[in-house]
């Protein structure tokens, strides 16, 4: 039984911000000043399973590191928008390239740069520790904090609602 107040059978694609959603909002810096992100393994597994099961998947982030791009590409994500200064532009590009409609899209963000995207999609999701303004526009606030399984939480609920969670793809990488 889902705790999300939205018709989850409509969702065909998942889009995630990185910092504060797929990674904690506190990140160490390398000696060169490059942010070093931690990524939740269970989030990665759920994202990979969703891709293999035919769902769309995208990343829209203001960050720009090769490690982030490589990690998500290895999970099967083709649409990775880095250095996104106005995220709604990248959402519009993604919809134009894929044909997804707003009501078919779940987007998870945690801070003000995510606001316009969250207002434009059918299912806006916020981590438990998101900014108050973002929680105010979210249709679902995960019980998980950023970097602690937000993607797994929402992907699992959507896939269970659609009967695709425990499919043949679920038992391997």
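Results, tabulated for the structure shown:
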| read-out | value |
| --- | --- |
| Residue list for the stretch 144-165, filter: assigned to a loop (DSSP other than H, G, I, E, B) and within 15 Å of residue 42 (Cα to Cα) | 144, 145, 146, 147, 148, 149, 165 |
| Filter result for the condition that a residue is at pLDDT below 95 and surrounded by fewer than 16 Cβ atoms within 10 Å (Cβ to Cβ), over 73, 170, 128 | 170 |
| Enumeration of residues in the stretch 1-15 that are assigned to a strand (DSSP E or B) and within 20 Å of residue 128 (Cα to Cα) | 14, 15 |
| Residues located in the stretch 71-85, provided they are touching a helix residue (DSSP H, G or I) at 6+ places or on another chain (Cβ under 8 Å) and either over 22 Å from residue 36 (Cα atoms) or part of a helix (DSSP H, G or I) (or both) | 71, 72 |
| Residue check for residue 6: touching a strand residue (DSSP E or B) at 6+ places or on another chain (Cβ under 8 Å) and more than 21 Å from residue 110 (Cα to Cα) | no |
| Test: residue in the stretch 94-114 that is at pLDDT 95 or above, assigned to a helix (DSSP H, G or I), more than 19 Å from residue 12 (Cα to Cα) and in contact with a strand residue (DSSP E or B) (Cβ under 9 Å, 6 or more places away or on another chain) | yes |
| Where a residue in the stretch 62-84 is on the phi > 0 side of the Ramachandran plot and in contact (Cβ under 8 Å) with a residue 12 or more places away in the chain and its partner, wherever it lies, is surrounded by fewer than 16 Cβ atoms within 10 Å (Cβ to Cβ) and in a helix (DSSP H, G or I), with Cβ under 8 Å and at least six apart | none |
| Within the stretch 135-167, considering residues that are within 14 Å of residue 111 (Cα to Cα) and touching a helix residue (DSSP H, G or I) at 6+ places or on another chain (Cβ under 6 Å), the one surrounded by the most Cβ atoms within 10 Å (Cβ to Cβ) | 141 |
| Restricting the stretch 16-42 to residues that are touching a strand residue (DSSP E or B) at 6+ places or on another chain (Cβ under 8 Å) and part of a strand (DSSP E or B), the residue that is nearest to residue 55 (Cα to Cα) | 16 |
| Restricting the stretch 47-70 to residues that are modelled with pLDDT of 95 or more, in a helix (DSSP H, G or I) and surrounded by 21 or more Cβ atoms within 10 Å (Cβ to Cβ), the residue that is nearest to the chain's Cα centre (by Cα) | 47 |
| Residue tally, condition touching a strand residue (DSSP E or B) at 6+ places or on another chain (Cβ under 6 Å) and surrounded by fewer than 18 Cβ atoms within 10 Å (Cβ to Cβ), over the stretch 81-93 | 1 |
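The values are calculated or read from the model by the stated rules, or taken from the named source; none is laboratory data. This is a predicted model, so every value here is computed, not measured. We place every Cβ from the backbone using ideal geometry, glycine too, and count neighbours over all the protein chains shown.
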